Amino acid sequence: MFAILLDGIVQGLQLSLMAVGITLIFGLGGVLNLAHGQIAVVGGIVTALCIGEGLNPVLACAMGVLGSGVLGLLMDRTLLVPAYRLAGEERLLLGLLVTLGLSFVVNGFLDVRYPTVALTLRLPTPSFALGEVTVRTASAVVALIALAAFGLLFAFLKLTLLGKVVRSIMQNEVGAGLCGINPARIRTLIVVLSAMMAGLAGVVQGLFSSLGTELGNEFTSFALIVAVIGGVRSVNGTLVAGILLGIVNAFASFYVGAYLTLLILLVTAAGTILVRPQGLFAFRT
Amino acid sequence: MRIVSERTALAATAVVLALVPLALGGSPHFLRIATLMLIGMAYAVAFNIIFGHTRQLFLCLGALAGASAYVSVVLTMKAGLSPWLTMPLGVALAAALGGAFSYVSVRRGLGVIFVGIVTLVFSMIFHNLVLGLREWTNGETGLETKGLGPAVLAGGLPAYYAILGVLAASALVYHALMRSRAGRAFQAIADDEFAAELAGINVTAYKVLAATVGSAILGVVGVVHAYYGGFISPTIYALGSIDIVALVTLLLGGMGTLLGPVLGGVLFTLLDELVRPLGRLNVMVYGILIIVLVITFRHGFVAMLRKRLKIHLP
Amino acid sequence: MSLLLSGEAVEVAYGDIAVVRGVNLEVREGEAVAVIGPNGAGKTTLFKAIAGMLALRDGSVRYAGARIDGRRHFEIVRQGIVYVPAERELFPQMSVLENLELGAYSCYGARAERLKFVLDLFPRLHERRRQLAGTLSGGEQQMLAIGRGLMSRPRVLLLDEPSTGLAPFFVSEIYRQFGQLKREGLTILLAEQQVPHALGFTDRAYVLENGRIHLSGTSNELLGNAEVQRAYLGMA
């Protein structure tokens with residue numbers, strides 16, 4: 001029982017890591033990034049390629065995360081520019097369609113160029129004992145990475161001026177402008193940050209099991225579900241939702257099976273939008 | 001500007017499309033491509049009604065069409081019922097689902113994006129249901145429908161003309177709808193939903209109407225597609241197979257126009273064939289196409305023709 | 001007193017409809033000027049255009065001699081013109097202090113000194129400094145919006161209907177504070193529906209109706225004007 005709970009929490013942390021990027025871009029830029037999963041996959045593939053070239057695994061992971069960041073930067077500075085010129089629903093729609101197109105482009109490219117490349121990271125000690133429970137080292141490492149990433153993110157958002165500026169734009173873009181804040185530069189920063197979180201999530205997947213080019217859409221779907229349930233504008237909500245859904249997923253899979261579990265999650269997501277669109281767990285941004 | 005009436009356009013299009021098989025020189029391969037083109041056009045007509053005119057971003061076109069198809073095929077296959085009985089059932093299901101999504105979304109005041117997310121989630125639910133209920137649906141592998149459906153859909157020229165009939169019927173429904181009071185309501189709703197509500201237009205009723213009619217068409221085309229194609233599987237009704245085709249077709253042709261789905265369908269099919277030798281790189285081409293279209297060519301081919309030829313095409 | 005802010009033949013449109021047309025106005029340094037008029041006259045549109053949030057269809061806006069129409073609104077803030085909208089546009093999930101802090105974004109180094117100034121001016125904000133902005137009362141939110149605007153050391157303050165939704169007690173209080181700000185040399189352009197307060201506080205005023213300047217003059221003149229009395233002061 002305890003083992004399932006731990007497993008669920010770790011899975012949940014990974015889900016949160018995947019989803020927080022969507023929340024950040026939606027809350028700040030007003031754009032739903034449907035290419036999120038592909039950005040994560042690119043991170044993983046870059047890491048795998050670097051390892052293939054003999055690079056130290058840790059450095060390779062860093063390169064992967066950076067690679068995702070670069071893709072995010074390119075996306076923001078080119079594709080999203082027409083979307084940023086619009087506002088509200090128009091921006092959402094254009095952003096959604098443009099990122100959808102991008103997801104296809106990346107998918108297609110990776111599928112043809114690197115169809116067999118997959119990222120699998122093996123750790124020297126596959127498991128260790130924590131009290132009476134055997135813990136997969138990978139799980140522990142993933143949990144640490146995710147917690148560290150979130151810790152840094154929260155510290156950034158709550159404590160630094162730039163972080164407060166980010167939150168201010170998320171809470172009221174007009175108000176931020178009235179303070180002399182130029183949202184465009186901050187948006188780029190957040191898109192890059194969110195892309196790097198996605199890349200990290202991709203690398204982490206390599207630790208858990210393996211990451212291949214075909215996982216892009218699945219990543220985006222899961223990230224979307226978690227973000228929606230947690231609250232598409234709330235970073236806190238996304239973290240909580242991810243962990244909870246990870247736990248639910250772990251227990252449900254154990255007792256009920258994969259398909260039904262996924263169905264439950266999907267129905268919950270749909271239900272959340274219908275009942276409480278701002279998210280089940282959205283509180284202070 | 002000279003105005004081409006909708007009836008003229010419809011008639012001319014029907015004639016042109018009816019003559020297409022003659023230009024294909026009897027090749028069954030190209031006939032199949034042309035028939036699938038007609039199916040794609042019909043999907044686009046449905047999307048045009050739902051999204052082009054009332055801005056309801058249904059990202060579950062494939063799921064609705066697939067729900068209709070699977071219900072019909074499974075009932076025909078396992079319960080031995082006649083396809084002529086099961087097809088309407090499938091259509092009714094699709095229409096009911098589409099109408100329900102629309103109703104709930106409007107009542108809850110969901111914006112375009114949330115409608116998109118909800119319907120996207122539904123399409124994932126559909127996909128997983130099909131995979132999960134594998135005793136009935138045969139999961140990922142799919143079901144063979146050869147010889148199962150109405151004989152006219154079996155293949156060749158009869159199938160082409162039957163499906164052309166379906167497309168024509170869909171276009172006629174579109175035409176009738178847009179010429180009626182509903183059409184004017186759609187225009188008002190698309191311009192400014194809030195103002196339309198204030199002006200006394202029953203926004204809920206009209207949006208649900210558009211969604212239901214559009215979904216019904218999806219149901220019909222989905223089920224026809226199933227029996228013509230000889231084979232159904234979750235992939236055939238996936239987002240990447242149907243929704244994207246409808247979207248790109250409408251973007252190419254022009255949303256909110258009568259000829260948009262047709263012109264878009266022709267362009268898309270030509271493009272698809274051009275891109276075929278690239279193998280799996282075609283997905284990349286679609287992606288680039290969507291990006292370029294959505295940013296620069298927003299109003300589609302019909303709008304471009306209108307400007308260039310100075311004729312108001314419907 | 002030199003001319004600090006002026007608009008010449010300002011025209012602002014929403015789509016095809018001109019909401020503000022042919023507006024000429026002047027504000028001199030240290031002055032307090034009111035723009036009064038009925039709902040829908042175009043006061044907010046005019047102010048948003050001056051603040052760079054809306055584009056001019058025609059005409060120009062000058063500040064300290066240079067044209068500023070066409071500049072982005074966040075740039076104009078840095079130049080010293082701060083707009084405080086009727087909707088306040090606060091950051092609801094951040095504390096009073098954090099809201100104020102962000103107001104000083106364009107002159108972040110001086111924020112401690114500015115914070116002291118603002119909190120002295122609005123003791124109520126000092127009491128509630130750790131409270132979330134979204135939980136403040138209407139009057140307190142208005143004070144916070146003005147306070148946030150003051151944090152960036154503006155030379156000109158554009159106040160859009162600051163008395164909206166405020167209890168009379170609060171209205172008197174904020175106008176007292178406006179008086180103090182004016183004494184310290186701040187230039188104020190004020191849009192108001194509460195005409196007696198606006199005319200009592202300002203030096204000069206414009207009457208805006210249907211997007212055009214209908215009347216203008218010193219506030220005393222306008223207080224004595226029969227039309228103004230009938231339309232805005234409820235005197236028959």
- Based only on Cα atoms, what Rg/Rh ratio does the protein assembly as shown have, Rh being taken as Kirkwood's radius? 1.03
- Using the Kirkwood formula on alpha carbons, the hydrodynamic radius of chain C in angstrom works out to 18.0
- Query: Which lysines have a Cα less than 24 Å from the Cα of C:K43, not counting those fewer than 8 places away in the same chain?
  - Reply: C:K182
- When the helices in chain B are scored as -39500 (n - 2.57) per DSSP H run of 4 or longer and the sum is shared across all residues, what 222 nm value do you end up with, to the nearest 500 deg cm²/dmol? -24000 deg cm²/dmol
- Query: In segment A:12-213, what is the volume of the convex hull around the alpha carbon atoms, normalised per residue and reported in Å³?
  - Reply: 120
- Rough spin-label spacing in nm, given labels placed 7 Å along Cα→Cβ, for A:F156 and B:A199: 4.7
- At A:F251 and A:T137, where each label point lies 7 Å from the Cα along Cα→Cβ, what is the point-to-point distance in nanometres? 3.2
- Message: At 1.002 mPa s and 20 °C, plugging the Kirkwood radius over alpha-carbon pairs of segment A:145-272 into Stokes-Einstein gives what diffusion coefficient in µm²/s?
- Response: 130
- Fewest Cβ neighbours within 10 Å first, please rank B:H29, C:H214 accordingly. B:H29, C:H214
- Message: Per residue of segment A:229-237, what does 6.51 cos²θ - 1.76 cosθ + 1.60 with θ = phi - 60° give for ³J(HN,Hα)? Whole Hz please, x for Gly and Pro, Karplus curve as stated.
- Response: 5, x, x, 5, 10, 10, 5, 4, x
- Based on the inverse mean of 1/r over its pairs of different Cα atoms, what is the Kirkwood hydrodynamic radius of chain B, in Å? 19.8
- Within chain B, which complete DSSP H helices have Cα atoms spanning at least 20 Å along the helix axis and a mean Kyte-Doolittle hydropathy of 1.0 or higher? B:6-23, B:28-47, B:61-79, B:83-107, B:112-132, B:156-179, B:203-229, B:260-275, B:282-296
- Task: At a Cα cut-off below 12 Å, give the aspartates and glutamates reachable from A:K158, other chains included and same-chain residues fewer than 8 away excluded.
- Result: C:E98
- Per-pair calculated FRET efficiency, R0 = 51 Å: B:R108 and C:C107 via Cβ, rounded to 0.05: 0.70
- Just tell me which lysines come within less than 19 Å, Cα to Cα, of B:K146; anything on the same chain fewer than 8 places away is out. B:K78
- Message: Let me confirm one metric for peptide A:90-101, namely the mean number of other chain beta-carbon atoms within 10 Å of its residues' beta-carbons.
- Response: 6
- Ellipticity estimate at 222 nm from DSSP helix runs (n ≥ 4, -39,500 (n - 2.57)) divided over chain C, nearest 500: -10500 deg cm²/dmol
- Message: Can you tell me the orientation of helix A:88-113 relative to chain A, as the angle in degrees between its alpha-carbon axis and the longest Cα principal axis, to the nearest 10?
- Response: 40
- Return, ordered by residue number, the residues of segment C:182-215 whose backbone nitrogen is under 20 Å from a label point located 7 Å along Cα→Cβ of C:R153. C:182-188
- Query: Relative to the longest principal Cα axis of chain C, at what angle does helix C:111-121 sit, 0 to 90 degrees, rounded to 10?
  - Reply: 70
- Item | Net charge of Cβ neighbours under 9 Å - reference C:E140; Lys, Arg +1; Asp, Glu -1 | +2
- Item | Ascending count of other beta-carbon atoms within 10 Å, so fewest first, for B:W136, B:W84 | B:W84, B:W136
- Restricting things to alpha carbons, tell me how big segment B:172-314 is in terms of Rg and Dmax, in Å. 17.4, 54
- In sequence order, what are the phi-derived ³J(HN,Hα) couplings for segment C:217-222 according to the Karplus relation 6.51 cos²θ - 1.76 cosθ + 1.60 with θ = phi - 60°, rounded to whole Hz, with x for glycine and proline? x, 6, 4, 4, 4, 5
- Task: Return the long-range amide H neighbours of C:I68 (sequence gap of 5 or more, or a different chain), with a cut-off of under 5 Å between placed amide H atoms.
- Result: C:V61, C:R62, C:Y63
- Task: Rounded to the nearest 10 degrees, what's the angle between the helix C:138-150 long axis and the longest principal axis of chain C, both from Cα atoms, 0 to 90?
- Result: 90
- Task: Compute the length gained on full extension between A:T120 and A:L147: take 0.36 nm times their separation in residues and subtract their Cα-Cα distance, giving the result in nm to one decimal.
- Result: 7.6 nm
- Task: Counting only DSSP beta bridges with both residues in the protein assembly as shown, tell me the antiparallel percent, nearest 5.
- Result: 60
- Peptides B:71-78, C:186-193: what's the order by average Cβ count within 10 Å, highest mean first? C:186-193, B:71-78
- Task: Give me D for segment B:218-299 in µm² s⁻¹, whole number, from Stokes-Einstein with Rh from the Kirkwood sum over alpha-carbon pairs, 25 °C and 0.890 mPa s.
- Result: 180
- Message: Suppose each label sits 7 Å from its Cα in the direction of the beta carbon; what would the A:V81-C:F117 distance come out to in nanometres?
- Response: 3.9
- Item | Prolate/oblate/rounded label for segment B:113-221 (Cα gyration tensor, a/c 1.5) | oblate
- Query: Can you list residues whose amide H is under 5 Å from B:F231's amide H, if they're 5+ apart or on another chain and H is modeled 1.01 Å from N?
  - Reply: B:T145
- Average partner coverage of C:100-111, which counts Cβ from other chains inside 10 Å: 3
- Per residue of B:119-129, other chain Cβ atoms within 10 Å number on average 6
- What is the extension gain from C:T135 to C:R78, computed as 0.36 nm multiplied by their sequence separation minus the C-alpha to C-alpha distance, in nm to one decimal? 17.6 nm
- Item | Amide hydrogen neighbours beyond the local backbone of A:V135, cut-off 5 Å, H modeled | A:F128, A:A129, A:L130
- Please arrange B:C60, A:C50 by counting, for each residue, the other beta carbons lying within 10 Å of its beta carbon, fewest first. A:C50, B:C60
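Rule-based calculations on the coordinates, nothing more; no lab input. In this text the structure is predicted, and so the values were computed from the model without any measurement. We place every Cβ from the backbone using ideal geometry, glycine too, and count neighbours over all the protein chains shown.
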